[in-house]
1. Please give the strands (runs of 3 or more DSSP E) falling wholly within the chain in which 1 or more residues are among the aromatic types (Phe, Trp, Tyr).
2. Search the range 42-77 for residues being touching a helix residue (DSSP H, G or I) at 6+ places or on another chain (Cβ under 9 Å) and of a type in the set (Gly, Ala, Ser), and hand back the single one that is surrounded by the most Cβ atoms within 10 Å (Cβ to Cβ).
3. Pairs, please: C-beta under 7 Å, at least 6 apart or cross-chain, first residue under 29 Å from residue 22 (Cβ atoms) and in the range 59-85, second polar (S, T, N, Q) and in a loop (DSSP other than H, G, I, E, B)?
4. If I ask for residues that are exposed (fewer than 10 other Cβ atoms within 10 Å of the Cβ) and either under 15 Å from the mean Cα position of the chain (by Cα) or modelled with pLDDT under 90 (or both), which ones from the range 78-98 would you list?
5. List pairs: first in the range 8-36 and of a type outside the set (A, V, I, L, M), second in a helix (DSSP H, G or I) and exposed (fewer than 15 other Cβ atoms within 10 Å of the Cβ), Cβ under 6 Å, 6+ apart or cross-chain?
Amino acid sequence: MEARDIIIAPMITEKSMAGTAFNQYAFEVRRDATKTQIRHAVAEIFKVEVLAVNTVNVGGKKKNFARRGVRTHGTQPDWKKAVVTLKAGQKIELGGVNPFEQ
């Protein structure tokens with residue numbers, strides 16, 4: 001598996017952007033990726049040194065739908081989140097202005 005296959009997308013939320021002040025970045029990753037694979041993928045893609053990787057499996061939400069008078073339900077897919085802590089002084093440019101880094 002290549003590094004670009006492991007990291008699906010960075011998470012751009014208010015909480016994840018607040019973590020950048022402490023050198024922590026959140027990513028959506030493959031569900032079968034290990035912490036070691038995530039560590040190597042982030043280091044290879046962004047050219048940074050990773051100190052720690054924390055992961056959490058997030059269960060998909062249950063949703064109700066109403067279409068043409070018929071009520072039905074479904075489930076969004078499960079996914080995995082990784083919070084990566086970088087070495088002090090290093091950062092990842094995700095684009096845009098981050099008000100938490102000032």
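1. The strands (runs of 3 or more DSSP E) meeting that bar are 24-29, 62-67, 79-86.
2. Among those residues, the one meeting the criterion is 43.
3. Short answer, once both residue conditions are applied: 60/76; 61/76; 85/23.
4. Once the filter is applied, which keeps residues that are exposed (fewer than 10 other Cβ atoms within 10 Å of the Cβ) and either under 15 Å from the mean Cα position of the chain (by Cα) or modelled with pLDDT under 90 (or both), the range 78-98 yields 93, 95, 96, 97.
5. 20/100; 20/101
The values are calculated or read from the model by the stated rules, or taken from the named source; none is laboratory data. As the structure is a computational prediction, the values presented were derived from the model and not from experiment. Neighbour counts are summed over all protein chains in view; Cβ atoms, including those assigned to glycine, are modelled from backbone coordinates with ideal geometry.
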